[in-house]
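Since the structure comes first, as structure tokens, the remarks are kept for the end.
The values are calculated or read from the model by the stated rules, or taken from the named source; none is laboratory data. As the structure is a computational prediction, the values presented were derived from the model and not from experiment. In this analysis, Cβ positions are derived from the backbone assuming ideal geometry, glycine residues included, and neighbour counts consider all displayed protein chains.
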Amino acid sequence: MRLCLVMPTGLQVGYDEYFSSSPLGIETLASHARTHADVALADMRGRGHDAAAHAEELLDSEPDIIGLSINSAPHTKYSLALAAQLKRRRSDLTILAGGQQATFLPDEMLCPENIDALIRGEGEFALCEILDRDGDYRGVHGVSWMDGSTVRHEPDRPLIDDMDSVLMPARDLLADRSRYRMGAYRVEGIESSRGCPHHCSFCSIRNFHRGKWRPKSVRRVLAEIDTLLELYSDPMVIYFADDNFSTDIRRVEAICRGIVDRKTNVHFWCQARADQLARHPETVEWMGKAHFAAVLMGIETADVRLLNNARKGTTPEQVQRAIQLLHAHDIGVWGTFTLGLPGESPADTAASAESIPTAKVDVMQITVATPIPGSDLYDQAHAAGQLQEPDWDQYDFTTPLMPGQLPKAEMDAMMHRAYLRVYLSPRFLLSLLSKRTNLHRLRRTALRVFFSWLWFLVKERITAGLGRKAVDEPQSPPAADSPAPEVGRRIE
Ligand code: B12
Ligand code: SF4
């Protein structure tokens, strides 16, 4: 049986250009599936939007099953178009889907003309079971499928209990790693844990992993770092794909000690919470010793009422303390901010945007609160009847979609002003002249981001002048090193 797992392209959304990593989801699935079938991987990101041509290309190897990873909202429309093109050419082909969007929207995604079945949640063992049954997905736990024109939902599958049983990604199946980069550096990802115990209202992770945080053992994580060091000799950033790397702070410290023992020249990147870092200066010190170049921290807003409304569970004081600690250990701060949170008045949005430059982050990312499926925001908006036939291309994290949020033009103006105030501040500009440290490396990335954003603005103005609205259309990204990501459109 031949299986082809595909990471489809989507809207060109910020990250793709300066942080483009290999698709860990399908690489991990392939590791498990390859003992049950002939497996190929296709990473279609950055390959334009010609679904018909992509379908032809994917069918060349005559697969029996194609599995699509529909992991984010801006990738949904294209994925469905690709599935329809595949089915039109080969009606006997089985098309499976998985990932965040597929998991939370089985009834919307499944359709006899494109997707036959989808696997909800983590896919490793359900996929292997389907392959063992020669592609028959009926009755497999965790699967939703089309039975004629009816959607059937099989019972949930238990979560994987022993995370060390998840195999390392089949990186060899996407042999050209040169395209996977973070700014100027080659990048490889490691998933060291799944889930998050917190419950922020704009996030889908809690529901995806049923409120559980499950780590791999420190030994297993270090073994994967060793594997990467053996496989790739070029200078590299290793990023932890975990939603919340700092959940078990003692484990973070143990991983850092292991990294220090290895004396590598690799740098690390992770997503962590301000409250945990602020409470554990000793761990931040270890992160510095282990060459963490940057930490992505969800700052969201300095407004305590809005933070509480969103159930964020961090305070502005913890954020300031965490930034101080990280900087003291030469670790850059990649701060993410959210405008348009529930309960936010126009005056609150303005105040929130004004306070962003005071946070002293090194790279910043501002997004608009978006009701992504699986989040409380989605459930609330859905229950209130506000999401009739959502246009997933609008879910680009800069478009206000919820009642009460500012109109797009005003929101854009606030974001642009905040970006300018940070990247043109004497603090930021002077920091570019500082010595070559981890922080400096990150600031150089920030500079690239800044120029890309300027370029984005110029394009926007030109197209507005020509009376066209080009920035909302899917675009093929520019060549690897050219500065053109749409910086106004990114989120994590
Ligand atoms: C690391 C990460 C990134 C990295 C790398 C992404 C990548 N392609 O590898 C970067 C920073 C580049 C990134 C970018 C973006 N990301 Co991101 N990212 C993540 C994060 C934190 C981890 C993803 C990961 O590697 N997980 C580890 C692997 C092993 O798990 P997995 O991919 O989920 O796959 C498992 C299952 O989903 C399932 N599965 C997945 N695909 C398939 C396919 C089939 C056929 C089957 C059967 C099963 C299956 O089985 C897999 C194994 O168990 C997730 C959050 C999360 N935990 O999922 C957000 C997340 C997926 N990202 C998100 C977003 C919004 C984006 C961006 C759109 C941001 C932007 N505006 O630029 C871009 C999209 C880029 C792109 N082209 O994919 C959102 C999506 C929410 C939504 N519904 O829209 C998430 C959920 C975070 C969040 N809660 O906000 N991201
Ligand atoms: S935003 Fe971060 S801390 Fe909040 S629930 Fe999602 S992963 Fe956890």
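Worth pointing out:
- Some residue of the stretch 159-169 being outside any strand (DSSP E or B), in the same structural domain as D362 (by TED's automatic domain parsing) and closer than 23 Å to S20 by Cα: no
- Evaluation of L24 against (1) more than 14 Å from ligand 1 (Cβ to nearest atom); (2) under 17 Å from the mean Cα position of the chain (by Cα) (one fails), failing number: (1)
So that you can scan it fast, the table gives a plain yes or no per residue for (1) in the same structural domain as N114 (by TED's automatic domain parsing); (2) within 15 Å of ligand 1 (Cβ to nearest atom); (3) in a loop (DSSP other than H, G, I, E, B); (4) buried (at least 23 other Cβ atoms within 10 Å of the Cβ):
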residue	(1), (2), (3), (4)
T28	yes, yes, no, no
H49	yes, yes, yes, no
H54	yes, yes, no, no
E62	yes, no, yes, no
I66	yes, yes, no, yes
S79	yes, yes, no, yes
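- Test: D92 is away from ligand 1 (no atom under 11 Å from the Cβ), in contact (Cβ under 8 Å) with a residue 60 or more places away in the chain and in a loop (DSSP other than H, G, I, E, B): no
- Those residues of the stretch 354-389 which are at pLDDT below 90, buried (at least 19 other Cβ atoms within 10 Å of the Cβ) and either among the aliphatic types (A, V, I, L, M) or in contact with a Cys (Cβ under 6 Å, 6 or more places away or on another chain) (or both), in sequence order: V363, M364
- Every condition in (1) assigned to a helix (DSSP H, G or I); (2) at pLDDT below 90; (3) surrounded by 17 or more Cβ atoms within 10 Å (Cβ to Cβ) is met by R461 except one, and the failing one is (3).
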